[in-house]
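Trainee: This is the structure I have questions about; it appears just below.
Taken together, the values in this text are just the output of simple stated rules run on the coordinates, not laboratory data. The model shown is predicted, which means the values in this text are computed figures rather than measured ones. No Cβ is skipped: glycine too gets one built from the backbone with ideal geometry, and neighbour counts run over all protein chains shown.
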Amino acid sequence: MRVTKGAQVIAGIALLALGLAACGGQGATGTAAGDPPIRMELAEPQKLFYPGDTIETEGAEVLSAVFAPLVSYSDDKQVVNNVAESIKTSDSRVWTIKIKSGYTWHNGEPLVAQNYVNAWNYVANRDNAQGANSFFSRVEGWEDLNPPEGKPVTVTKMRGLKALDEHTFQVTLSKPFSQFKTMLGYVAFYPLPDAAFKDGKVTESYARQPIGQGYFKMDRPYNKGVDQTIDLTRYDAFPGNKPKFDKLQFKIYTDSETAFNDLRSGGLDVHDSLPPASIASAKAELGERYIDQADAGVGYIGFPLQYNDTYSNIKVREAISMAIDRKTITETVFAGTRSPADDFINPLLDGYRPGICAACTYDPARAKAQYEENNGPKSIELGYNTDGAHKEWIEAIANNLRANLGVEVKVRTFEKFAVLLDSLVKKEYGGMFRMGWFIDYPSVENYLTPVFSTNAIKTGSNYAGWSSKEFDDLLAQGDGATSLKDGLKYYQRADDILIKELPYIPIFYYRVNAAYSQRIRGLKINLINLVEWNKIEKVG
Amino acid sequence: MGRYIIRRLVQAIPVLLGATLLVYAVVFALPGDPVEVLAGDKRMDPHITAVLRERYHLDDPFLLQYWHYLTGLFHGDLGVTVSGGSVSDILAGRFQVTANLAMTALVMEAVAGVGLGLYAALRHGRAQDSLVLAATLVLISIPPLVTGFVLQLLLGVRLKQAGIDLFPVAGLAEGWRGYLLPGLVLAGTSIAYLTRLTRTSLVETLRADYIRTAIAKGLPRRRVVGRHALRNALIPLVTYLGADFGTLMGGAVITETVFNLPGIGQQLFTSVSLREQPVVVGVVTLLVLVYVLANLVVDLLYAVLDPRIRYE
């Protein structure tokens, strides 16, 4: 009797366990037969795919496969028209953009100028809480959609944005901005089809499976948090230069080293963010299938100039800069995933001048002499945030300064970047600090205005609180120039002032470390870190 | 026995509520909120963040936020993430993967652990016994993160490069085989413990009087070991296995991250870094529930293995 009862319980538990293990046999969902798609590594996108709310790389990578931008960036770092047939201006303030005919949305509707107007007005409206809102702050009428806090938004459109005809629209900026064209390749400037809107809002179902006008269509709605792949199929009615393969798949990984192992064993084709730990084996095993190219970021050490006189002597700042061995730090601490900085402008862009920052060259003897001559502080504080991988390089710099300047260096930690910034804004922390900047659009101007202009003390990232009238004037002249090239001259002169005054000292540039499998060739990653899918070819 | 089960389940309710409160408070205490994390290294427009904070009640005091969560919970709504996903959908989609992984590990652990333990116990005091003991010691001292990456490289990458496609490196694209390596890694330490436990327990039982009696009766050795000794030695093992099922589910965080399995452990890792309170609380509550159930099953199994134990 007892045994029977026991047997029942055991059987019951066994059944339960089996049921638990078997009830969702959804394991094998991959393509069973045939050639697998081209597969690219992705970390989980932060949000659903609202183009105007995608201000991070992973979402942008997916959207750039689904949408075609107005402009793209050529191999020689120039801005070239893509969907745009022409982008014209005579005063850098009123811009007339004409789009090519023949583009259609993935639902078959034609792409029209009004699609751009609708999308941009939507993103610029504060009530829609889109992350890329401020990208439109130069457009006339943006302030109506973003009134001071407490006041409601009463309009839905920007004055400075209107469609002239089916294929032409006009953008009027509140002030001239010669670099406006460089911004247009960014995700925030994608158009939206009528199907995206319901009652004036972009719907969630659209953001799960956005309808674009680019190379690829999404196969099914993205179930964020659950889906491990995002599958796309080539849109054959795309009028431009199409990709040479028809299936693309983004594979979501939480660990980029795992993704690299998957690539080595043939489970992945494109990986654009190799971790430092994998660089050595990638170089050794992959040969030319390993890519190392400039990335848009710069890492700095900043001085709290606005409220601390300790570092007000430029000669002292120069000496500190010369005491830092950038080359060794980038090679050993970062395993080559960074390169030594020698300009405030990143080598990624046309306008970078190699070696222009003389004080960025390692010269411990001169650094020490100059530091002592100018009575540099005996004790230095160096702050960084522990929520990113900054400990090692900050410690390395602290050691450099200790050894080369003979000063006492106190390293101070902040549990996250926002706390460090907050402490600087409130003028509580008065030491040197770690800082970084990634550009939003590939223009030299974006390394200068948001970080060093006087206005950026209040609204941007000028945490040094450094201010120079001459610098601001040069920026204004650059903005008012009538071509990208003319603008560049002024920006470079502004850059010269930074190099002379060193409100921050540039330490390193970020690098893109990518790899691809033997199945493909021709991987190109453009200026804004997006893969150019139409250049990839399958091997064999 | 039915009443006993119901009583145990009712007792679990305050435990679950307590767990949600505790976890909610811990995530609340972490620096940074989801909106800040979204902004990354840049200063986000204060107007935009204000709109977002209001939408997700992020400016409310802790108890009010928790109250919002609880009322939602009683309506069967586990909440939404800042990126707009429904927590119940996420958990439903991912729970299966972790359950499969934990079951794989549990089976591996039971087979390997009991097998090795039996082998060592029957060769008690000989070289093979010491060898097994030394091997388990090594296994215990290596953290799963290391075994994970080493096995992934050796059995995943290298083997495949040599043309033997046995273990997928990551993910579930190749079906159930994707569970083998992570299952092994997850089971690793437990195999070692279980081996030692089986060995000790069995060695002790084999010395008992009734075993001598059984041998003296002339019963074959197989029957003495299998029927008389092992069944009694099994009781501590069942406790261990049962409690371990919960540990395996919770311990899947590292393994799932290394092998890129879309289970709740991986989600927990992502959600903690994104400060997604509702997801973290949901996952942990689910794990507590699994623990409670696993313990209940263990207690019921006692009665099966040892007829002297009864539940009222």
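Trainee: How would you classify the range A:55-135 from its alpha-carbon gyration tensor, with a ≥ b ≥ c the square roots of the eigenvalues: rounded for a/c under 1.5, else prolate if a/b is greater than b/c, otherwise oblate?
Mentor: It is rounded, given that a/c, with a ≥ b ≥ c, falls under 1.5.
Trainee: What trypsin sites (Lys or Arg not before Pro) in the range B:212-251 are in a loop by DSSP, with at most 16 other Cβ atoms within 10 Å of the Cβ?
Mentor: Answer in residue order: B:Lys217.
Trainee: I've got another one for you. Quick one: grab Rg to one decimal and Dmax as a whole number for the range A:296-512, Cα atoms only, in Å.
Mentor: 16.4, 50
Trainee: Based on the Cβ-Cβ distance from A:Arg402 to A:Val80, what FRET efficiency comes out when R0 is 45 Å, to the nearest 0.05?
Mentor: 0.35
Trainee: Moving on. Under 5 Å between amide H atoms, partner at least 5 residues away or on a different chain: which partners does A:Tyr253 have, H built in plane at 1.01 Å?
Mentor: Those lying under 5 Å, H to H, from A:Tyr253 are A:Leu42, A:Ala43, A:Glu44.
Trainee: B:Leu17 to B:Leu305: FRET efficiency via 1/(1 + (r/R0)^6), r the Cβ-Cβ distance, R0 41 Å, to the nearest 0.05?
Mentor: Working from the Cβ atoms, E equals 0.80.
Trainee: Could you give each residue of the range B:273-278 its phi-based ³J(HN,Hα) in whole Hz, using Karplus coefficients 6.51, -1.76, 1.60 with θ = phi - 60°, and x for Gly or Pro?
Mentor: 3J(HN,Hα) across the range B:273-278, in whole Hz: 6, 8, 6, 8, 3, x.
Trainee: Under the classification rounded if a/c is under 1.5, otherwise prolate if a/b is larger than b/c and oblate if not, where does chain B fall, given a ≥ b ≥ c as square roots of the Cα gyration tensor eigenvalues?
Mentor: Here chain B falls in the oblate category.
Trainee: Now a separate question. Check which residues have an amide H placed less than 5 Å from A:Ala481's amide H, if you skip close sequence neighbours.
Mentor: When sequence neighbours closer than 5 places are left aside, the close amide H contacts are A:Ser178.
Trainee: Would you kindly compute the Cα radius of gyration of the range B:81-137 and its largest Cα-Cα separation (Dmax), both in Å?
Mentor: For the range B:81-137, the Cα-based Rg and Dmax read 20.1, 61 Å.
Trainee: Can you pull out the trypsin sites (Lys or Arg not before Pro) in the range A:357-424 that DSSP calls coil and that have at most 14 other Cβ atoms within 10 Å?
Mentor: On the way: sites: A:Arg366, A:Lys368, A:Lys378, A:Lys391, A:Arg402, A:Lys410, A:Arg412, A:Lys416; in loops: A:Lys378, A:Lys416.
Here the trypsin sites (Lys or Arg not before Pro) that fit, given the DSSP loop and packing criteria, are A:Lys378.
Trainee: Right, next: Where the centre of each part is set by its Cα atoms, how far does the range B:205-234 sit from the range B:236-300, in angstrom?
Mentor: 38 Å
Trainee: For the range B:2-74, compute the orientation-averaged projected area of the C-alpha convex hull (one quarter of its surface), in nm². Present the calculation step by step, with values, prior to reporting the outcome.
Mentor: Working: hull surface 24.9 nm².
So the mean shadow area of the Cα hull is 6.2 nm².
Trainee: Follow-up. For B:Ser88 and B:Arg158, compute 0.36 nm times the residue count separating them, minus their Cα-Cα distance, and round to one decimal in nm.
Mentor: Between B:Ser88 and B:Arg158, full extension yields an extra 21.3 nm.
Trainee: Taking 25 Å as R0, compute the FRET efficiency from the Cβ-Cβ separation of B:Thr213 and B:Arg126 and round it to 0.05. Kindly include the intermediate steps, with their values, before the conclusion.
Mentor: Working: r = 25 Å, r/R0 = 1.01.
Working from the Cβ atoms, E equals 0.50.
Trainee: How large is ³J(HN,Hα) for each residue in the range A:168-185, as worked out from phi by the Karplus curve 6.51 cos²θ - 1.76 cosθ + 1.60 (θ = phi - 60°), to whole Hz, x for Gly and Pro?
Mentor: 10, 9, 10, 10, 10, 8, 6, 9, x, 8, 5, 8, 3, 4, 5, 6, 6, x
Trainee: For chain A, just the Cα set please: Rg and Dmax, both in angstrom.
Mentor: Final numbers for Rg and Dmax: 26.2, 97 Å.
Trainee: Also, I was wondering about something else. Considering only the range A:296-512, what is the antiparallel percent among its DSSP beta bridges, to the nearest 5?
Mentor: Taking every DSSP beta bridge within the range A:296-512, about 60 percent pair in antiparallel fashion.
Trainee: Which of B:Val185, B:Val97, B:Val146 ends up with the largest GNM mean-square fluctuation for chain B, with Cα atoms connected below 10 Å?
Mentor: Answer for the Gaussian network model of chain B: B:Val146.
Trainee: Set the bar at 31 Å for Cα to Cα. Now go through A:Lys181/A:Lys201; A:Lys98/A:Lys535; A:Lys47/B:Lys160 and name every pair that lies beyond it.
Mentor: A:Lys47/B:Lys160
Trainee: Using alpha carbons only, how many angstrom separate the centre of the range A:300-358 from the centre of the range B:145-170?
Mentor: 42 Å
Trainee: Here's a follow-up. So what is log10(I(q)/I(0)) for the range A:229-370 at q = 0.17, 0.22 1/Å, when the Debye sum runs over its Cα atoms only?
Mentor: Ignoring solvent entirely, the Cα scatterers give -1.07, -1.34.
Trainee: Mind giving me the nanometre distance, one decimal, between the label points for A:Ile525 and A:Arg289, set 7 Å out from Cα along Cα→Cβ?
Mentor: Placing both labels 7 Å along Cα→Cβ, they lie 1.6 nm apart.
Trainee: Still on this structure, please answer the following. Could you list the square roots of 5 times each eigenvalue of the Cα gyration tensor of the range B:53-120, that is, the equivalent ellipsoid semi-axes, sorted largest first and rounded to whole Å?
Mentor: Here the semi-axes work out to 42, 13, 10 Å.
Trainee: Turning to a different aspect of this structure: Need the full-extension length gain, A:Glu143 to A:Asp127, defined as separation in residues times 0.36 nm minus the C-alpha distance. One decimal, nm.
Mentor: 4.5 nm
Trainee: Which loop GluC sites (Glu not before Pro) in the range A:97-177, with loop taken from DSSP, have no more than 10 other Cβ atoms within 10 angstrom of their Cβ? Spell out each step's value before the answer.
Mentor: Values: sites: A:Glu140, A:Glu143, A:Glu149, A:Glu166; in loops: A:Glu140, A:Glu149, A:Glu166.
Passing both the DSSP loop test and the Cβ count: A:Glu149.
Trainee: Just for the protein assembly as shown, what percent of DSSP beta bridges are antiparallel, to the closest 5?
Mentor: Details: 54 of 69 bridges.
Counting DSSP beta bridges with both partners in the protein assembly as shown, the antiparallel share is about 80 percent.
Trainee: For labels at A:Lys327 and B:Arg227 in the simple 7 Å Cα→Cβ model, what's the distance in nm?
Mentor: 8.1 nm
Trainee: So what's the angle, to the nearest 10 degrees on a 0 to 90 scale, between helix B:127-141 and the longest Cα principal axis of chain B?
Mentor: 10 degrees
Trainee: Using the Karplus equation 6.51 cos²θ - 1.76 cosθ + 1.60 (θ = phi - 60°), what ³J(HN,Hα) coupling, rounded to whole Hz, does each residue of the range B:281-294 give in order, writing x for Gly and Pro?
Mentor: Couplings: 4, x, 4, 5, 4, 4, 5, 4, 4, 4, 4, 4, 5, 4 Hz.
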